[in-house]
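Here's the structure we're looking at; comments come further down.
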Amino acid sequence: MGSRPSWWASRTRQFRAHLRASVAPEERAALVAWTSTAQLALFDSMHVADRRHGLDVVASLRADGVGEREVLLAGLLHDAGKGQTGVWPRVAYSLGSRYGAWMWRVAGVLPGFRAALDRLRTHAETSAVLAAAAGCPVRTVELIRHQDAPTDPEFGELLRLADEAN
């Protein structure tokens, strides 16, 4: 067994992080220096857990030497399309990704879960559309759109790994 945490350990960490998520006022204020008003409004519209995650992805990218604003914006906003999806649909989505779509069908009968699961399933494309509407550069939009199967030879995989690590 390598140094990577098990799937269950990773998901337990994500669950706890989701419940404890917060963004300090100074962290949000620091974004003003490198985001537009529309991009900051998109960030503010995200679930607090996704805002925290986006900031952590940006920190990981910077730690890896990435300074390109287009890439940092992708890290910050790549989950904007998840909307205000709560923790339980996210748990159901994760279980379905791991154990099969039948989990989504079962969870989909719960009130609100079908729409939430659809939102999670399509969040990369929705996030890309929202980023474009917020005036993000084409490269940012494409990094977000292809976050799960990177196509950008320089930064796509770095973004995917930073996302996975956080």
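Quick notes on this structure:
- Rounded accessible area of residue 120 (nearest 10 Å², 1.4 Å probe): 10 Å²
- The shape of region 1-87 comes out oblate: with a ≥ b ≥ c from the C-alpha gyration tensor, a/c is at least 1.5 while a/b does not beat b/c.
- Share of carbon and sulfur in the accessible heavy-atom surface of the chain [1.4 Å probe, %]: 59 percent
- Per-residue ³J(HN,Hα) for region 21-36, Karplus 6.51 cos²θ - 1.76 cosθ + 1.60, θ = phi - 60°, Hz, x for Gly and Pro: 4, 7, 10, 6, x, 6, 5, 5, 4, 5, 5, 4, 5, 9, 10, 7
- Note: the chain, Cα convex hull, 121 Å³ per residue.
- For the set 105, 98, 90, the ranking by accessible area, highest first and with no ligand, DNA or RNA atoms included, is 105, 98, 90 under a 1.4 Å probe.
- Helices that extend 30 Å or more along their long axis by alpha-carbon positions and average at least 0.5 on the Kyte-Doolittle scale are absent among the DSSP H runs of the chain.
- Cα gyration tensor shape for region 111-157, rounded if a/c is under 1.5, else prolate or oblate: oblate
- Taking all protein chains together and a 1.4 Å probe, the residues 141, 32 rank 32, 141 from largest to smallest accessible area.
- Two-site label geometry, residue 109 and residue 129: point separation in nm, points 7 Å out along Cα→Cβ: 3.0 nm
- Remark: the chain carries a charge dipole of roughly 800 debye about the Cα centre, counting +1 on each Lys and Arg Cβ and -1 on each Asp and Glu Cβ.
- Of the residues 12, 86, 101, the one whose Cα sits farthest toward the positive end of the charge dipole of region 1-123, with +1 on the Cβ of Lys and Arg and -1 on the Cβ of Asp and Glu, is 101.
- Normalised by the number of residues in region 44-135, the mean separation of alpha-carbon contacts (under 8 Å, six or more apart) gives a relative contact order of 31 percent.
- For the chain: relative contact order, % (alpha-carbon pairs under 8 angstrom, 6 or more apart): 24 percent
The values are calculated or read from the model by the stated rules, or taken from the named source; none is laboratory data. Computed from a prediction, not measured in an experiment: that's the story for all the values here. Neighbour counts are summed over all protein chains in view; Cβ atoms, including those assigned to glycine, are modelled from backbone coordinates with ideal geometry. Only protein heavy atoms, including side chains, enter the accessible area calculation; ligands, DNA and RNA are left aside. Shrake-Rupley method; radii C 1.70, N 1.55, O 1.52, S 1.80 Å.
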